[in-house]
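In what follows, a structure is listed as structure tokens, so that the remarks can point back to it.
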Amino acid sequence: MAQLPAVGAQQLAPKLSKSSLFDLLGSMRFAISLLVIICVASVIGTVVPQNMPPNAYIDQFGPFWFEVFSKFSVWSIYNSSWFILIMAFLVISTSICLTRNTPKMIRDMRSFRENVRGSSLRAFHHRVELDSPRDLMASNEAVLGWFKHNGYAVKVREEPEGMLIAAKKGSSNRLGYIFAHASIVIICVGGLLDSELPVRAQIWLFGKTPIVENMLIVDVPPEGRLSASNPSFKANLLIPEGGARDNAVVSVGDAALVQPLPFEIKLNKFIIDYYDNGTPSRFASEVDVTDPDTGKTFSQTIEVNKPLRFKGVTVYQSSFDDGGSKIDLLAYPLTGRQPGPFELDKRVGESVVLPVGNTGREVRLEITGLRPINVESLLDGEPQPRVFADHVAAVTGSAAGKRDKNLTNIGPSVEYRLIDDSGQATRFHNYMIPAELDGASVLLAGVALPGQQDFQYLRIPADESASAIEFMQLRAALADPVARTEAARRFALNSAPEGVNRAALQESAYRALDTFSVGGLQAISEFLETNVPEAELPRAADVVIRLLGSTVTELRGVARERAGLPALDSYEPDNVQWVQLAVGALSDLRFYPAPILFSMKSFDLVQASVFQISRAPGMLPVYFGSLLLVIGIFAMFYVRDRRIWVWLKRNDQADGTHVLAAMTSQKRTLDFNREFERFKQALSRLDMKKE
């Protein structure tokens with residue numbers, strides 16, 4: 001066997017390699033494999049919520065799996081590099097398949113295949129062969145009449161010994177395959193246009209650099225700005241009432257790029273309507289839009305399902321936020337003998353550094369949010385606590401959009417962060433007015449430790465003025481040894497039965513109060529477990545708890561006297577309940593991860609509207625591709641192709657015509673068999689036109 005020359009073999013290898021790669025990309029198996037991967041990824045992207053804060057995923061999956069899933073960009077799967085790459089390969093593969101097969105399909109659709117031989121027809125499974133008493137022309141007219149009546153297109157080829165009639169119908173089902181494959185290409189191209197690919201391409205190819213650090217938009221350098229003619233983007237824009245913006249922000253991972261807009265949008269008023277139970281029913285923004293090219297301005301109201309469309313850009317009402325509301329805060333120290341409160345005026349978004357008592361440490365306070373309305377479900381009390389002790393209330397999260405008779409508006413709240421010297425940030429969510437829980441009026445002070453998404457709530461009993469002032473006065477008195485001594489003395493004086501040593505009772509009361517002030521109920525429990533036999537623990541615990549409750553009641557009296565407040569009836573049920581709640585809250589303060597508690601005194605609300613702004617050139621291709629897909633599937637499943645060949649030859653041995661016919665189809669279904677039987681019966685009859 002002759003061998004290829006060395007040079008020829010070297011030239012042939014790249015050709016074979018290119019041909020193999022082209023065949024792989026154009027193969028149906030490769031395209032189906034890519035499509036399966038995309039479908040699986042889409043299922044994951046549907047099941048796993050996308051683009052949420054990392055803490056939410058860490059809390060749900062744990063640190064290990066969070067790191068593993070992050071490697072595959074599961075949290076933003078539709079904009080991940082590998083997902084976009086697979087879509088690009090699917091477009092290439094399907095395009096190659098279309099390029100290779102579409103011309104063949106179109107030629108096959110147009111062809112009648114009239115060059116078939118009579119001997120070939122005898123090899124078909126569905127065939128008919130008979131002798132007709134009619135002459136050639138009469139037989140030809142009868143066959144053509146049947147074809148016309150049944151919707152066949154025909155082509156006649158005359159031969160010296162007779163003629164061949166080639167008929168077909170349903171050839172347009174091949175268009176179904178073409179349309180279905182073309183729709184995949186068009187939809188994927190539209191999806192790629194509307195993905196982050198155009199923005200990422202500008203980063204890769206044109207030197208755009210996403211901004212990581214915080215800075216004003218006017219200070220962003222040119223490499224951090226996209227072009228105003230950017231063909232595709234999705235950006236976010238926050239505008240406070242009375243403010244105007246002509247730049248939006250495009251998020252790229254943890255960084256951002258500035259996207260100039262072809263118009264300026266000004267928010268005149270943000271409107272929010274509520275149902276009777278306090279849940280929001282409608283968001284709307286009254287805006288003025290100014291075209292810088294013409295200087296003309298028009299007004300429009302943007303709602304959730306009524307976006308603004310102008311100059312190829314669509315502005316959606318996404319949500320709402322705070323626009324820099326002014327908040328008057330009351331700061332309550334949680335250590336030391338000063339009850340507070342101290343007033344502090346700040347705006348949402350501002351921060352301030354505060355000293356921590358006389359410790360020399362500092363914390364940074366950042367006001368992060370104001371909620372003028374909180375609609376919560378308190379039907380079954382509160383869920384079981386997960387962070388603090390048994391006296392912590394956990395209230396369900398935002399119930400916006402749920403029309404439930406059990407939902408209750410429990411008023412405004414403020415959200416803030418405290419950042420310590422090490423940079424650890426703890427989030428807080430405190431309500432302004434008391435909520436009714438278990439028949440008691442309590443103020444809810446929420447906290448979410450680093451790494452946690454949900455807030456856990458501390459219940460602080462409210463006083464006559466619906467504030468935490470009296471509770472904080474009680475806390476300050478508990479931290480004062482003089483006040484504890486006076487409370488123990490009053491308890492011994494008012495509660496000692498005749499014949500009981502008051503000094504010993506006072507000492508016991510002071511010791512219980514002192515232990516409680518240091519470690520709360522847990523310290524008392526540890527003291528009893530250490531000093532009391534196990535068999536006596538239940539009775540001893542009951543005695544100590546009653547002793548503690550009575551002593552705290554006296555301590556409350558001392559605190560009220562210091563504040564110039566009138567004395568209360570200690571046995572009145574509401575006062576007994578208040579003291580019980582106060583004991584639980586004082587015990588839980590040792591778990592509270594902050595030296596100061598901030599409560600909102602008043603606020604001046606400034607609303608801001610959050611818009612999602614997009615230029616989506618892929619929308620029309622996706623719609624068009626979807627239409628093609630529907631047409632293609634309909635053509636593939638409901639348009640049946642049929643091909644029939646009929647050879648008519650003069651019968652030399654007798655007057656008449658010899659008929660040889662065959663019928664075929666891509667899919668030989670029951671309908672095909674029934675139509676063949678009708679055709680077969682028609683051939684055997686004298687007058688086929690009536691069939």
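No lab work stands behind these numbers, since they all come straight from the coordinates. Just so it is clear, the model here is predicted, and its values are computed rather than measured. Please note: Cβ atoms are built from the backbone with ideal geometry, for glycine as well, and neighbour counts cover all protein chains shown.
For Arg674, neighbours were defined as the other residues whose beta-carbon sits under 13 Å from its Cβ, and their charges (Lys and Arg +1, Asp and Glu -1) total +2.
Each principal axis of the stretch 32-185 carries a Cα extent, and these read 88, 26, 24 Å when sorted largest first. Taking the average, over residues, of other Cβ atoms within 10 Å as the packing measure, peptides 218-230, 438-450 rank 438-450, 218-230 from highest down.
Given the stretch 21-107 reduced to its alpha-carbon atoms as identical point scatterers, what log10 I(q)/I(0) does the Debye formula return at q = 0.13, 0.24 Å⁻¹? Debye curve over Cα of the stretch 21-107, log10 I(q)/I(0) at q = 0.13, 0.24 Å⁻¹: -0.54, -1.10. Give me log10 I(q)/I(0) at q = 0.15, 0.27 Å⁻¹ for the stretch 476-546, Debye formula, one equal scatterer per alpha-carbon, no solvent. With no solvent term, the Cα-only Debye profile gives -0.53, -1.20. The rule of thumb for compact globular proteins, 2.2 N^0.38 Å, goes into the C-alpha radius of gyration of the chain 1.56 times. Given N residues in the stretch 558-649, what is its alpha carbon radius of gyration divided by 2.2 N^0.38 Å? So the stretch 558-649 has a normalised radius of gyration of 3.16. Taking every DSSP helix (H) stretch of at least 4 residues in the chain, weighting each as -39,500 (n - 2.57) and dividing the sum by the residue count yields a mean residue ellipticity at 222 nm of -13000 deg cm²/dmol.
Derived value for the stretch 270-370: Kirkwood hydrodynamic radius 17.9 Å. Basis is the mean of 1/r over every pair of different alpha-carbon atoms.
Each principal axis of the Cα cloud of the stretch 199-322 was evaluated for its coordinate range; sorted largest first, these ranges are 53, 36, 24 Å.
Ordered by the count of other Cβ atoms within 10 Å of each Cβ, fewest first, Met600, Met619 give Met619, Met600.
A compact globular protein would have a Cα radius of gyration near 2.2 N^0.38 Å; the ratio found for the stretch 153-230 is 2.47.
Principal semi-axes of the equivalent ellipsoid, √(5λ) from the alpha carbon gyration tensor of the stretch 506-616, are 41, 22, 13 Å from largest down. How much net charge surrounds Asp194 when only other residues with a Cβ under 10 Å from its Cβ are counted (Lys, Arg +1; Asp, Glu -1)? Result for the neighbourhood of Asp194: +1. If you restrict to DSSP beta bridges whose two residues both lie in the stretch 207-327, what percentage is antiparallel, to the nearest 5? Counting only bridges with both partners in the stretch 207-327, antiparallel ones make up about 95 percent.
Too long at a 32 Å Cα-Cα cut-off: which of Lys71/Lys266; Lys269/Lys296; Lys104/Lys234; Lys71/Lys208; Lys104/Lys311; Lys266/Lys326? Table pairs above 32 Å Cα-Cα are Lys71/Lys266; Lys104/Lys234; Lys104/Lys311. Going from the fewest other Cβ atoms within 10 Å to the most, the residues His429, His149 appear in the order His149, His429.
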